[in-house]
1. Quick check on my filter: what residues within region 340-360 are within 20 Å of residue 388 (Cβ to Cβ) and surrounded by fewer than 18 Cβ atoms within 10 Å (Cβ to Cβ)?
2. Looking at region 58-68 only, could you name the residues that are in a helix (DSSP H, G or I), touching a residue at least 24 places away in the same chain (Cβ under 8 Å) and surrounded by fewer than 22 Cβ atoms within 10 Å (Cβ to Cβ)?
3. Among the residues in region 48-57, are any at pLDDT 95 or above, part of a helix (DSSP H, G or I) and under 20 Å from residue 272 (Cα atoms)?
4. Within region 123-138, track down each residue that is in contact (Cβ under 8 Å) with a residue 60 or more places away in the chain and crowded, with 22+ Cβ neighbours inside 10 Å.
5. So how many residues does region 369-386 have that are surrounded by fewer than 20 Cβ atoms within 10 Å (Cβ to Cβ) and under 10 Å from residue 49 (Cβ atoms)?
6. Go through the residues of region 11-18 one by one and say whether even a single one is over 30 Å from residue 253 (Cβ atoms), over 20 Å from the mean Cα position of the chain (by Cα), in contact (Cβ under 8 Å) with a residue 24 or more places away in the chain and surrounded by 14 or more Cβ atoms within 10 Å (Cβ to Cβ).
7. Name the single residue, out of those in region 94-110 being buried (at least 21 other Cβ atoms within 10 Å of the Cβ) and outside any loop (DSSP other than H, G, I, E, B), that is nearest to the chain's Cα centre (by Cα).
8. Taking the condition buried (at least 24 other Cβ atoms within 10 Å of the Cβ) and either in the same structural domain as residue 205 (by TED's automatic domain parsing) or assigned to a loop (DSSP other than H, G, I, E, B) (or both), does residue 236 pass?
């Protein structure tokens, strides 16, 4: 009989033996979670300062979302889109009410939603704008992160994301992030869309200059190109607004959402757009067996209601400003910059960040490096000021000591 693993080393050995080595996680074995706290297999408690890359903005195992999931599991979980269900229309309406976007197309993961946006933009470019078939171009930004599919990594400038995975999908033009003039110079009559992150997350919480989004939107309007924003990480309260683009006065043609759309219970994502764009899809053009299923729809409805009812965007704005001020009091010659918006903060170092993350783990605080030299702080938005103060004490000890 195969023995069950008991110690952290046994769990790690089992994962290393039978799992693909495509991640380099911290060696903490989480077995339980509630709110902003998680516990490992040995009963040690940690404050989660990553929030599953912003997928659990509502906190781990939120009781309202759990109740919605449990209730729907007793009714029906999957019908496929061959039939209608009574949960998806309610999610459509909720998304429209919260975002103002005309139409939604539900998928499962963020990468699928990005693929949906790319397909919509290309088909719109050919069928509506009149670009010759196969000549459509989409402008994206250097250091972006939109996902991991072959087509999406074709739009990436990150060497590791692309290494060995060619041939790549053509049709992408990559320009510097934060430079609207670079986007203007890259746009041609074949440009069907510009797709950007309002704030670059995986690049290290990079915030563009004020007015950048407005300038990019103007370029799109002047050139009849779609203005598409990827808010998978930055959206749903993370930056102190419901969506990060709302820090400026812009109106995107398309919006990509995911992660916190389900509060961490189930993969739910969506591409939202103006009706003119989404109407390029006809039955059979695009789809997903699980996308829009009743279980995911019920969970997403509850997740969105929690964001509204608990004022998570406002909490993020207030607590993020308070926390950012305190982080900037830390004296460490290796700190290059501390930048953030809401409870989404990047602390950039001139040396590797992982040793600091490992030291913080020993102090009971879980966070993760990105781009090797940036520590990302992104706790669940339900965190309290006292809990943030507790976290700051540990961060100050590790980085300032």
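1. Within region 340-360, 359 is the sole residue that qualifies.
2. Within region 58-68, the first condition is being in a helix (DSSP H, G or I), and the residues that meet it are 63-68.
Filter again for touching a residue at least 24 places away in the same chain (Cβ under 8 Å), leaving 64-68.
Passing the criteria: 64, 66, 67.
3. Kept after step one, since they are at pLDDT 95 or above, are these residues of region 48-57: 48-57.
Subset that is part of a helix (DSSP H, G or I): 51-54.
With under 20 Å from residue 272 (Cα atoms) added as a condition, the list becomes 54.
Yes, region 48-57 has at least one match.
4. Selection gives 124, 125.
5. 0
6. Of region 11-18, the ones over 30 Å from residue 253 (Cβ atoms) are 11-18.
Next, from what is left, pick out any that are over 20 Å from the mean Cα position of the chain (by Cα): 11-18.
Now narrow it down to the ones that are in contact (Cβ under 8 Å) with a residue 24 or more places away in the chain: 11.
Retained after the next criterion (residues that are surrounded by 14 or more Cβ atoms within 10 Å (Cβ to Cβ)): 11.
Checked against the condition, which is being over 30 Å from residue 253 (Cβ atoms), over 20 Å from the mean Cα position of the chain (by Cα), in contact (Cβ under 8 Å) with a residue 24 or more places away in the chain and surrounded by 14 or more Cβ atoms within 10 Å (Cβ to Cβ), region 11-18 yields at least one hit.
7. Residues of region 94-110 that are buried (at least 21 other Cβ atoms within 10 Å of the Cβ), as a first pass: 95, 101, 104-108, 110.
Add one more test, that the residue is outside any loop (DSSP other than H, G, I, E, B), and what stays is 95, 104-107, 110.
On the way: 95: 17, 104: 17, 105: 17, 106: 16, 107: 14, 110: 7 Å.
Within region 94-110, the match that is nearest to the chain's Cα centre (by Cα) is 110.
8. Working: buried (at least 24 other Cβ atoms within 10 Å of the Cβ): yes; either in the same structural domain as residue 205 (by TED's automatic domain parsing) or assigned to a loop (DSSP other than H, G, I, E, B) (or both): yes.
Yes.
The values are calculated or read from the model by the stated rules, or taken from the named source; none is laboratory data. For clarity, every value in this text was computed on a predicted model and none was experimentally measured. Cβ: placed from backbone, ideal geometry, glycine included. Neighbour counts: every protein chain shown.
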